[in-house]
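Read-outs: derived from the displayed coordinates by stated rules, not from any lab. Please read all numbers here as calculations on a predicted model, not as lab measurements. Here the Cβ positions follow ideal geometry from the backbone for every residue, glycine too, while neighbour counts run over all protein chains shown.
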Amino acid sequence: MIVREEFLSRLRKIFDLNLYEVKVWTALLSRGTSTAGELSNISDVPRSRTYDILESLEKKGFILMKLGKPIKFVALKPEEVVERVKKNLMNDAKERTKRLEVLKGDEVLEELTGLFTKGIKFVEPSDLSGSLKGRQNLYNHLDMMIRDAEKTVTIITTAEGLNRKLEALMPSLDKIKKRGVKIRIAAPIDKNNLAVAKELSKVAEVRNMQNIKARFVIIDSNQLMFMLLDDEKFHPNYDVGVWINTEFFAQALEQLFELAWKDMKPAK
């Protein structure tokens, strides 16, 4: 059986399988039912590994084992496999979430926090910086920064970026708003994001920014994250941001923003 490498590569990414697993699985799909020895020959997977691979596929819900002599393995419909994988992922996510929730009151978290607190004392504020790749990582870090805000949050973004902010950051913005944190958002506002601007206006002062194209966030006038790439020209996976803990630079940038903010019109 010959299966294109590109197809195997896609299966590995979609179903989170290793190379041997996708080879054995596709081999079994092509046969419907087969023995481990036959699958080893068809898939070109070493016989010594085939049983382990089949056992792994069975646990993940891809195949069934048919008892008898010799033991045979039965392929499931791909549609059924997709449903099983989805359920397994959801159950696994729920279980991990429960473990993490329990960890909040556990001594393990206290020890980890103690290690971090002791270690942070030896770090210069200017050393607390780093780069992040991928838009999801950027928003995860932005969300953390916003949740820790105590006084102010200033967000400057693009038209499409405003839409993303609602989905990714609205829950945290709502929470800090209730704590009394002042939130300001500036972005180009048009018919495609006007509804989003109105929704964000519930937690922030939103103004229309037409003559400046930028993407950065300032927290409490001392933390800054700015994105290096144009979000219209690059895929989200290639997005890059830089986070810096620098009161000097953050305040300077915020002062420049104040000048532009005065000329911006409130979102209507």
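Counting charges near Leu17 (Lys, Arg +1; Asp, Glu -1) among other residues having Cβ under 10 Å from its Cβ returns a value of +2. Between Arg99, Arg179, Arg47, which gets the highest mean-square fluctuation from a Gaussian network model of the chain, Cα cutoff 10 Å? In the Gaussian network model the winner is Arg47.
What's the FRET efficiency of Glu5 with Lys87 using the Cβ-Cβ distance as r and R₀ = 25 Å, to the nearest 0.05? FRET efficiency, Glu5 to Lys87: 0.25. Summarising the amide proton neighbourhood of Leu76: residues at separation of 5 or more, or on other chains, whose placed amide H is nearer than 5 Å comprise Leu64.
As I understand it, the dipole of the chain uses +1 on the Cβ of Lys and Arg and -1 on the Cβ of Asp and Glu, about the Cα centre. Which of Ile42, Ala186, Asn137 lies farthest toward its positive end? So the residue we want is Ile42. Quick one: among Ser131, Ser221, Ser56, which has the greatest mean-square fluctuation in a GNM of the chain with alpha-carbon springs under 10 angstrom? Per the Cα network of the chain with a 10 Å cutoff, Ser56 tops the list. Within the chain, DSSP assigns beta bridges of which about 75% are antiparallel (rounded to the nearest 5).
Neighbours of Lys268, meaning other residues whose beta-carbon lies under 12 angstrom from its beta-carbon, give a summed charge of +3 when Lys and Arg score +1 and Asp and Glu score -1. Assuming a ≥ b ≥ c are the square roots of the Cα gyration tensor eigenvalues, decide whether region 195-248 counts as rounded (a/c under 1.5), prolate (otherwise, with a/b larger than b/c) or oblate. It is oblate, given that a/c is not under 1.5 and a/b is not larger than b/c.
Couplings for region 235-247, taken from phi via the Karplus curve 6.51 cos²θ - 1.76 cosθ + 1.60 with θ = phi - 60°, read 5, x, 5, 9, 5, 10, x, 10, 10, 9, 9, 9, 4 Hz in order; Gly and Pro are left as x.
Full extension of the segment from Glu80 to Asp52, taken as 0.36 nm per residue of separation minus the current Cα-Cα distance, would add 7.9 nm. Other residues whose C-beta falls under 14 angstrom from the C-beta of Tyr51 contribute a net charge of -1, scoring Lys and Arg +1 and Asp and Glu -1. In a reduced charge model with +1 at each Lys and Arg Cβ and -1 at each Asp and Glu Cβ, region 5-81 shows a dipole moment near 200 debye about its Cα centre. What's the longest bit of the chain with no exposed chymotrypsin sites (Phe, Trp or Tyr not before Pro), using DSSP loop states and at most 15 other Cβ atoms within 10 Å as the test? Here the longest run is 1-121.
Derived scalar couplings between HN and Hα for region 141-151 equal 6, 4, 4, 5, 4, 5, 4, 8, 5, 10, 10 Hz in order, rounded to whole Hz, by the Karplus curve 6.51 cos²θ - 1.76 cosθ + 1.60 (θ = phi - 60°), x for Gly and Pro. Residues in region 158-171 carry Karplus couplings, in order, of 8, 4, 6, x, 5, 4, 5, 4, 4, 5, 8, 10, 4, x Hz; the curve used is 6.51 cos²θ - 1.76 cosθ + 1.60 with θ = phi - 60°, and Gly or Pro positions show x.
Under 5 Å from the amide H of Asp239 lie the amide H atoms of Gly134, Arg135, each residue being 5 or more positions distant or on a separate chain, with H modelled from the backbone and absent for Pro and chain starts. In terms of the Cα gyration tensor, with a ≥ b ≥ c the square roots of its eigenvalues, is region 142-268 rounded because a/c is under 1.5, prolate because a/b exceeds b/c, or oblate? In terms of gyration-tensor shape, rounded.
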